[in-house]
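The values are calculated or read from the model by the stated rules, or taken from the named source; none is laboratory data. From a predicted model like this one, the values you see are computed outputs, not experimental measurements. Heads up, the Cβs are rebuilt from the backbone with ideal geometry, glycines too, and the neighbour counts pull from every protein chain shown. Each accessible area value is taken on the protein alone, full model and side chains, heavy atoms only, with ligands, DNA and RNA left out. Shrake-Rupley method; radii C 1.70, N 1.55, O 1.52, S 1.80 Å.
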Amino acid sequence: MHSTIKVIPDTDIIELRYAGEIDHAARITALDDLEDRYHREGFKRLLVNYTSAWPKDEPPSKAVAFLDKLTSLSFPRGARIAFLNQPDAHTAASEPVAAGFGYRMHKFRERPDAIAWLLSDTP
């Protein structure tokens, strides 16, 4: 698994891009990196890009630490998070957390649509 974090040029959007097989441990590491960056720079728009990734087959117990991490993130209320080509199982885990912490999230299949939503004021 490989992940990169970068700013999309000419925007204030941070993009987390996954490639290859992803497991929960790698996703926790990426969230740690994002949280560190948030504390250094601040951001309210995040694109999580799964286009070149697929989930590792893991037992459900592996998701516990990941869900704990999701519920302890210190991103700001009102943050906008777009998921690009997110696997359905990952969506099921993240939607309740996003709603409970005041994040606005939406799932997309096309990158331009995700970026347009992140830059808009549309809920």
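Residue by residue, here is whether (1) at pLDDT 90 or above; (2) touching a Pro at 6+ places or on another chain (Cβ under 6 Å); (3) under 25 Å from ARG109 (Cβ atoms) holds:
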site: ILE13; (1), (2), (3): yes, no, yes
site: GLU21; (1), (2), (3): yes, no, yes
site: GLY42; (1), (2), (3): no, no, no
site: LEU47; (1), (2), (3): yes, no, yes
site: ALA53; (1), (2), (3): yes, no, yes
site: ALA65; (1), (2), (3): no, no, no
site: LEU70; (1), (2), (3): no, no, yes
site: PRO76; (1), (2), (3): no, no, no
site: ASN85; (1), (2), (3): yes, no, yes
Inside the stretch 1-90, counting only strands (runs of 3 or more DSSP E) that do not spill past its ends, which hold 1 or more residues that are open to solvent by 30 Å² or more (accessible area, probe 1.4 Å)? 2-7, 14-22, 45-55
Since THR122 meets every condition but one in (1) at pLDDT below 90; (2) among the hydroxyl-bearing types (Ser, Thr, Tyr); (3) surrounded by 11 or more Cβ atoms within 10 Å (Cβ to Cβ), which condition does it not meet? (3)
